[in-house]
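**Student:** Let me give you the structure first, and then I'll get to my questions.
Bear in mind that the values in this text are calculations on the coordinates, not laboratory data. Being a predicted model, the structure only gives us computed values, none of them experimental. Glycine also receives a Cβ, built like all others from the backbone with ideal geometry; neighbour counts cover every protein chain displayed.
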Amino acid sequence: MIVSIIYGAISFLVLATSFVAGDEPYSTNLEMKLRNYLFTNYDPLQRPSKTVGTHVTLNLLTVNSLDIKEEKLSISGYIYIHWEDLRLSWNGNTTYQNIRFLFSNENYMWRPAVIVENSVSDMSVISDENTLMRINGSGFVVWTPGGIYETNCACDVTYYPLDTQICSIVLSTWAYTSDEILLQLGSPAVQTSKYSENGEWELMSVFGQNTSTTRESKSFSRLMFTLILRRRPLFHILNTILPVVIMATLIVMVFKLPPESGERIGMSLTAVLTYAVYLTLISDNIPRTSLSACILSTYLAIILCLSALAVILTIIVLDLYFNIEGDDVPAWLNRFTHHVMVRFSCWKGTTCYNGRNRVTPTNKKQVLLSSNAVLNLGDSQIADQELEKKRKLSFDKTTDDENTVLEYSWKEIALIMDKCFLYIFLFLVLLATLITFVNLGCNY
Ligand SMILES: *[C@@H]1O[C@H](CO)[C@@H](O)[C@H](O)[C@H]1NC(C)=O
Ligand SMILES: *[C@@H]1O[C@H](CO)[C@@H](O)[C@H](O)[C@H]1NC(C)=O
Ligand SMILES: *[C@@H]1O[C@H](CO)[C@@H](O)[C@H](O)[C@H]1NC(C)=O
């Protein structure tokens, strides 16, 4: 009983004091009254002051996709934009002291006309009547229109698939020049605390810049939010780079296949076709731009040329090997084989091109014998023995290896050529692969 009397007395006192101070408690009626008080004679077309300073923060939620083929970045997020509209302040009037915030939307009050300048999906002033603006007693307005923004992004494909792209979202004022609306970066300019990672692109950094732009000889305020995105390479290493490099080694191995097997043309053509198919698969992912050449495409094109060349050389080698017309080996070819190709390919233990590891004559005889053992596969025994005799004669005549020109059979020349091509192709493929991946890797 006593407690309730004391409680009643206290609540009466509180009410009385607040009435004396003109401090009416919050009620929907009071808010209604405030709304009428503020919005009578309020024109939403009239801007709040001569130069309205607006502060913008980009809240980045996700990077949905960056399509380097279409050069399109899609992000989800919202723009936190605030400004001051002193016509909507009720701080000075104690009647409304208990109302802290008021809500309204763009149909009833002024808002800055801002567009996403590099949008590829729609070019209209950012508008969202369902997103309410929050106004506090000082006339301070906060608006957070959200959406999916699709912007153009000029992609540099040189280092695909180990590339880093720089994309931006450009906001600028529409209709109002920078004398009427000044866009400024909020602090922070970009908020990423709610950002969730994209599986393909890693967000390296994101920042805002204030600039200005000129349209129809008037200056407009502009904000640029730049995202630096780096591709996560694992998928592409497993699905693009690895198969491409493995296939490049196939081309080299064509020259290792014995001519008798009869599979060489089949294998070399298969290697070319596989490559051509792969090239189409990859070019589906690469933008059709000629502004920058993609290193990987160049590499693929080089390997494709090499594999086509391998087919042609294989045919030549096979033609020489089987020598259907039965001509003699021309002297120049014999000399060329002896002086260049044999040394280059270290054929059967002969002096290599670097001049070191010279073979002693005793070794050399064995070497020649063993080389003939290979030839026995297809050639007749008698012809081989004659050849061997001839060689031994010419070899015995002079011990100076430099002046002796052995006579080579077509089969031998073909096999020596094969070995040379094997080395040349191995070198070229390794060189191309090395240059390509050092280039790609250095950029990453
Ligand atoms: C406060 O609001 C009341 C009612 O809306 C109005 O009559 C009064 O003039 C206002 N006082 C001031 C100081 O503006
Ligand atoms: C309204 O918000 C601004 C910015 O946060 C603040 O400076 C100001 O004090 C607030 N006014 C009231 C009455 O809360
Ligand atoms: C960018 O913002 C700074 C600080 O707000 C200001 O001093 C500068 O003039 C602005 N630059 C442009 C080009 O608007």
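**Student:** One-quarter of the Cα convex hull surface for region 90-211, in nm²?
**Tutor:** 10.7
**Student:** Please compute the alpha carbon radius of gyration of region 2-232, then divide it by the globular-protein estimate 2.2 N^0.38 Å. Two decimals is fine.
**Tutor:** Normalised by 2.2 N^0.38 Å, the Cα Rg of region 2-232 equals 1.33.
**Student:** For a quick check: with amide H placed at 1.01 Å from N, whose amide H comes under 5 Å from Gly186's, ignoring anything fewer than 5 positions away on the same chain?
**Tutor:** Answer set, sorted by chain and number: Val56, Thr57.
**Student:** Using modelled amide H (1.01 Å from N, peptide plane; none on Pro or chain starts), what sits under 5 Å from the amide H of Asn198, excluding residues fewer than 5 places away?
**Tutor:** It is Val63, Leu203, by chain and number.
**Student:** If you don't mind, there's one more thing I want to ask. Using label points projected 7 Å from each Cα along Cα→Cβ, tell me how many nm separate Ile246 and Glu202, to one decimal.
**Tutor:** Here the answer is 2.5 nm between the modelled labels.
**Student:** I'd like to know which of Val114, Gly147, Asn130 lies farthest towards the positive end of the charge dipole of region 77-188, counting +1 on Cβ of Lys and Arg and -1 on Cβ of Asp and Glu.
**Tutor:** With unit charges placed on the Cβ atoms, the residue in question is Asn130.
**Student:** Okay, moving on. Using R₀ = 60 Å, calculate the FRET efficiency as 1/(1 + (r/R₀)^6) where r is the Cβ-Cβ separation of Asp122 and Cys346; round to 0.05.
**Tutor:** Efficiency for this residue pair is about 0.30.
**Student:** Does anything in region 118-161 have its amide N under 19 Å from the 7 Å Cα→Cβ label point of Arg230, and if so which residues?
**Tutor:** Within reach of a label on Arg230: 155-161.
**Student:** If I model a spin label at Leu132 and Ala301 as a point 7 Å from the Cα along the Cα→Cβ vector, what separation in nanometres do I get?
**Tutor:** 6.0
**Student:** May I pose another question? How high is the FRET efficiency between Thr274 and Thr28 when r is their beta carbon distance and R₀ equals 60 Å, given to the nearest 0.05?
**Tutor:** With a Förster radius of 60 Å, E is 0.20.
**Student:** Let me ask something else. Taking the Cβ of Val125 as the centre, find all other residues whose Cβ is under 15 Å away and add up their charges (Lys, Arg: +1; Asp, Glu: -1).
**Tutor:** Residues near Val125 contribute -2 overall.
**Student:** Write down, largest first, the equivalent ellipsoid semi-axes of region 41-156 in whole Å, where each equals the square root of 5 times an eigenvalue of the alpha-carbon gyration tensor.
**Tutor:** So the equivalent ellipsoid measures 34, 14, 11 Å along its semi-axes.
**Student:** A follow-up question, please. How do the peptides 96-103, 249-256, 193-200 rank, highest first, by the average count of neighbouring beta carbon atoms within 10 Å per residue?
**Tutor:** 249-256, 96-103, 193-200
**Student:** Could you derive backbone 3J(HN,Hα) for region 317-325 from the dihedral phi with the Karplus parameters 6.51, -1.76 and 1.60 (θ = phi - 60°), listing whole Hz in sequence and x where the residue is Gly or Pro?
**Tutor:** Listing the rounded values in order: 4, 5, 4, 5, 4, 8, 5, 5, 6 Hz.
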